[in-house]
Structure formats: structure tokens, C-alpha cells
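> Below is a structure I'd like to ask you about.
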Amino acid sequence: MQAGSALINRQPDRLIAQSEGGPLSVRQLIAFTAHVAGHLPEKQYVFNLYPNPVDYLLGFCATTAAGQCTLMPPNRLDTTLDAIRTDYPDSYVIGPEVSGDLDIRRYSKYAEESGLGSDPVPVIPDSQLCAIAFTSGSTGAPSPNLKSWKTLRDGSISNAAMLLNGIDGAVNVISMVPPQHMWGLETSVLLPLFAESAISHHTPFYPLDLKDALESTPMPRVLVSTPVHLAAMVRSGLEFAPVERVLCATAPLSSSLAEIVEKVFSTHLLEVFGCTETGILASRLTTCEEQWTLAEAFNLDTSGGEARIAAAHLPSDVRLQDAVIKTGDKRFRWLGRHEDLVNIAGKRGSLADLNRRLQSIPGVIDGVIFFPGEEHGRLAAMVVAPNLGTAEIRDALRHQVEPAFMPRPITKVERLPRSDTGKLAKQALLELFESMRQSTGAFS
Amino acid sequence: MSAQNEQEKELAQLIIDSLNLEDVNADDIDPEKPLFGEGLGLDSIDALELALAISQKYGVQLKSEDDHVKETFSTLRNLSAFVQANSVKSSI
């Protein structure tokens, strides 16, 4: 008999979500899942486009119970969705913008009306392909990372031990990260399936949203966020209700920001390290430790000159896109990211891919997109295109580059400081960038 | 494009300053064109940054409803009208 396990490993009367309509128990979620799984189209793949984590959780449970695999595009650009759809034609969409039966929220009464709890918990085979998380590869084509039920389940059990370690009782999770992102999926959708936690329907974005969400959510509260969101929250100067723990991931967090966050939310901040290929890997208490501690389930091997991660629940070893130094059996120090990759607002992109797109715009003779440094915070572009305006270049890029990677400013130059071999030295590039900024400043 | 009024002009400059839109002129922002996606191509991180700048300058805190695609933020004109209607600081 094939190995498998329950979709939800919680007691039936426990709370699994705080939906807009009120608390949702495990029993209600199972009733909903049992009903909806039988009404879904007979397709192999599904795009779950609900921005709200509770809706996403409902959709994920129903489609997974139906044996389907959730496609997780790296962004919502039409061109990205179309590219994935071409490779996975046996797919359909559930979400708030699709009509009729495919907006699964119309079945919510099946969750409310259940009370007998007679539905069995769906059993998912270990080998079922449950999700494909796409990352932007260096070729520009979204590259697939396959997540079997075994990978998601064992990863989530590992995550629960790390993320909720030391917290007594059931927590209420409030997430500022979309569930389509691996960090969001692991914390707001998968965690409640295996750990004493309930995901809130609140999706706070502005500081005032978060203030209201915290005040309307019972203790103990856990906040899932990112450095850029946390920085905006503390800069607002608003007073926030305390949280039990802040979980932060997607980009490096400074210890000074971590300290301020701990003060503002009267909390401890756990910074989390991971990537789409491995899921959540390691964590540190940023205000008091510099080094990272790997979760029990993972092993790090740096002996071959590169960092490789192995775990029993991963289909194969993963080579990290980061430079790290192993300092102990489960400890490491993070040095930085490899050159070509940029990470902006939790999205990973390849400069090589962005540059190819820039250079293929008709009228662009030469051009480069680069990261001037943390202080600038964004990508910038310098372009040789005598017959194009910067607005035209921006328009041409917009259709193929997601907003987080749009270069700003786009500066027109006469030529790029290329060496004899055609290479662009970062230093020469930065010097030209600085001189252009100063000269444009003089006229404004 | 329709002309900016005084308040829209001031807000357009705040958008440019707070988001480092160095290659855009305040006058070029069409008050009736979308600020996000098409138009200026701003993203959600820009929305956060702009919300902070607006709260500092005008004392207005923005709040999203269920999704972040807000009527308020759709155009310079709508945003400016919202800020003026909710501003607690009198403009000098």
C-alpha cells in the first residue's frame, strides 16, 4: 500500500483560521474540503490566485484533496501566467476574479453548516505532487521546483518546531506576505495544517491596517513579515498592540531594525532563512546572534566549495545561491548572494535575464541594469538609445519585467564604460552612475 | 492630458521626491492616469513608501480594504482628493 498521511493533522475542534465570517474549526475545513473536492474540474494543475490566506487555505485543501497540484507563479504578470499555462495546459484557475463555480468561496456554507464531523480527513499520498513553485531562472523562463506531499508535510513539521518553539498554546498568525510566495505558503497555509495555529483573514498592508488587525486578533499573536514591510511599520510612529513573536524573512534584516521592531511590538524577532528550493531552512534571533542555526531536518555541506543543502524530505540536494561559511554542525554564517542574482522585496531575479530583456528592446543600442547598492534600494539602468525617450524604454520594459525589478532611474548615456573585451566593470559603472546623478541634479 | 491643480502639483512633487522618480517630471504626471501598473509603473512597496510620506506631510493615514487595489490610489486626482478631504494639517 502506498504511504500517505492526513491532509490536516489537528484535533477536529481546534481553530485553523479566523475567517472574515468568524472562526473556522478543523472539522469545518474538512467538511468544506470533502464537498468542494468533488466539484472541481478534472484537471491536473491549478492556479490558486486568492490573495487572502484563508481563501487560499480553503482552495489549497480542496484542490490537494482532489489530487491536484498548485502552480505558484513567481509574479502575477499576464506574460508569466501565460508562459506557465503553455507548459501546463491541463490547468485552471481558482480565485476571486474567476466566475461561477471556480470561485470556491461560494461553497463556504458547507463549512458553516457542518456540525456532525462525519467527513473523514482526506489522506494524501506521500508521492502526490502538491505544488510547483516557480523561480525566475537566469534564462528568463520560470524554473519549476516540485513539492511532493512528503516535502511539504515534513518541511512544515520542521517549520513548526522552529517557528513556534517556546510559545505555549495555539497562536493566531497574521501575515503581511502573500500566500503565493513560498514564505507566505509555509507560514500562513501549511503551518495551520500541522501546528497549533490559526491564520487570520487580515492582510495588513499599511501601518494603520496592521494596528487594526492586531487589535482585533486575540493573543498570542504571531506576525509574519519582511524587512521592507517592518521598516515601514515602525517608521509610521503608530502604537501597535504587542505580539508574541515576529517572523521575518525574504531579505537580510539589519540588527538595528530588528531591535526597533522588538521594542515597537514588545516582542522577540526571529529572522528566518530559506529559499524556494528548500523552504524554510534556518533561523536566528537577529538582535543577539549573527550566525544562523539550521533546522534539525537539514544538513549543510560546504566541502566542495559551494553550499549544498540535504534533507530526507527533499527530492534532491540543493545548491544554495548564497555564499555561506559553515561554523558548526548546524551553524553557519551568511556572506552574501552570488553576483548575478538580486533579491528585491522577496523576489529573486537574474540580472542576466533583465539585461537581455533591456537589450532586446528595438532602438536600444546598448544598456545595462544593475544594483547600485543597498542605499539606493532599487535597480537602476543606463541605456544607449539615441532615438528613444526614457518613458518609451520604461513602457517597453514594463510588459516583461515585474514592478519590483523595474529599474529606476533609467538614465540615457552616450555609451557604457565597456572594456576592450566588452565587459562592464562594476566600479566603472557605479562611477558613471554617480556622475550622471550629480549632473542631472544640477539642472533640477 | 488634463491639467493639475495646485494640490495635485504639490502631491505629484511629493510622489517624485519620496519615490526617487528622478527621470519623471511632476508636470508629466497625468492626474487622470493610473499611478500603478501602467502609468508610472509603481509597485506595492512604492505604495507603502508613499503612504508614509503622505502621513508625514498631511497627517493622513491610509488604510486598505480587502485588497490593495484602492480607488484612492488609482490616480493622482483621486489620491489628492482623498488627502485633502482627510488632511488634519492646514496647508500653508
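The values are calculated or read from the model by the stated rules, or taken from the named source; none is laboratory data. Small disclaimer: the values here were computed from a predicted structure and weren't measured. Virtual Cβ from ideal backbone geometry, glycine too; neighbours counted across all protein chains shown. The area values use the complete protein model at the heavy-atom level, side chains included, leaving out ligands, DNA and RNA. Shrake-Rupley method; radii C 1.70, N 1.55, O 1.52, S 1.80 Å.
> Show me the strands (runs of 3 or more DSSP E) entirely contained within the stretch A:11-64 in which 1 or more residues are more than 17 Å from residue A:189 (Cα to Cα). Walk me through how you get there before you give the answer.
Details: elements: A:15-19, A:22-25, A:45-48.
Correct list: A:22-25, A:45-48.
> Something else now. Consider residue A:296 carefully, then state whether it is surrounded by fewer than 20 Cβ atoms within 10 Å (Cβ to Cβ) and touching a Ser or Thr at 6+ places or on another chain (Cβ under 9 Å).
The answer is yes for residue A:296.
Residue by residue, here is whether (1) at pLDDT 90 or above; (2) assigned to a loop (DSSP other than H, G, I, E, B); (3) more than 8 Å from every other protein chain (Cβ to nearest Cβ); (4) buried (at least 21 other Cβ atoms within 10 Å of the Cβ) holds:
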residue	(1), (2), (3), (4)
B:7	yes, no, yes, no
B:12	yes, no, yes, yes
B:17	no, no, yes, no
B:39	no, yes, yes, no
B:54	yes, no, yes, yes
B:57	yes, no, yes, no
B:65	no, yes, yes, no
B:80	yes, no, yes, yes
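> Please go through the stretch B:1-21 and pick out each residue that is of a type in the set (Asp, Glu) and under 17 Å from residue B:45 (Cβ atoms). So that I can check it myself, show each step before the final result.
Initially, the stretch B:1-21 is screened for residues of a type in the set (Asp, Glu), giving B:6, B:8, B:10, B:17.
B:17 - this is the single residue of the stretch B:1-21 that is of a type in the set (Asp, Glu) and under 17 Å from residue B:45 (Cβ atoms).
> Let me ask another. Got a number for residues in the stretch A:183-209 being over 15 Å from residue A:53 (Cβ atoms), of a type in the set (A, V, I, L, M, F, W, C) and within 14 Å of another protein chain (Cβ to nearest Cβ)?
Going through the stretch A:183-209 one residue at a time, the tally reaches 1.
> Let me ask another. Based on this model, can you work out whether residue A:150 counts as surrounded by fewer than 22 Cβ atoms within 10 Å (Cβ to Cβ), touching a Ser or Thr at 6+ places or on another chain (Cβ under 9 Å) and farther than 23 Å from residue A:72 by Cα?
On the way: surrounded by fewer than 22 Cβ atoms within 10 Å (Cβ to Cβ): yes; touching a Ser or Thr at 6+ places or on another chain (Cβ under 9 Å): yes; farther than 23 Å from residue A:72 by Cα: no.
So residue A:150 fails the test.
> Give me a count of the residues in the stretch A:265-277 that are in a loop (DSSP other than H, G, I, E, B) and surrounded by fewer than 23 Cβ atoms within 10 Å (Cβ to Cβ).
Of the stretch A:265-277, the ones in a loop (DSSP other than H, G, I, E, B) are A:265-267, A:276-277.
Now restrict to residues that are surrounded by fewer than 23 Cβ atoms within 10 Å (Cβ to Cβ): A:266-267, A:276-277.
Summing the residues that are in a loop (DSSP other than H, G, I, E, B) and surrounded by fewer than 23 Cβ atoms within 10 Å (Cβ to Cβ) in the stretch A:265-277 gives 4.
> Can you tell me how many residues in the stretch A:381-434 are outside any loop (DSSP other than H, G, I, E, B) and within 14 Å of chain B (Cβ to nearest Cβ)?
The initial filter retains those residues of the stretch A:381-434 that are outside any loop (DSSP other than H, G, I, E, B), namely A:381-384, A:390-398, A:403-405, A:410-412, A:418, A:424, A:426-434.
Add one more test, that the residue is within 14 Å of chain B (Cβ to nearest Cβ), and what stays is A:381-383, A:390-398, A:403-405, A:410-412, A:433-434.
Within the stretch A:381-434, residues that are outside any loop (DSSP other than H, G, I, E, B) and within 14 Å of chain B (Cβ to nearest Cβ) number 20.
> Only one of A:192, A:242, A:204 is without any contact (Cβ under 8 Å) to a residue 40 or more places away in the chain and open to solvent by less than 10 Å² (accessible area, probe 1.4 Å). Can you tell me which? Before you say what the answer is, go through the steps one by one.
Numbers: A:192 fails: without any contact (Cβ under 8 Å) to a residue 40 or more places away in the chain; A:242 fails: open to solvent by less than 10 Å² (accessible area, probe 1.4 Å).
It is A:204.
> Now a separate question. Report those strands (runs of 3 or more DSSP E) wholly inside the stretch A:299-344 carrying at least 1 residues which are modelled with pLDDT under 85 and surrounded by 12 or more Cβ atoms within 10 Å (Cβ to Cβ). Give the derivation first.
Numbers: elements: A:308-311, A:322-328, A:331-337, A:341-344.
Strands (runs of 3 or more DSSP E) meeting the threshold: A:322-328, A:331-337, A:341-344.
> In the stretch A:282-304, how many residues are in contact (Cβ under 8 Å) with a residue 24 or more places away in the chain and closer than 16 Å to residue A:226 by Cα?
Count: 4.
> Filter the stretch A:245-264 down to the residues that are surrounded by 16 or more Cβ atoms within 10 Å (Cβ to Cβ) and charged (D, E, K, R), then identify the one that is nearest to the other protein chains (Cβ to nearest Cβ).
A:262
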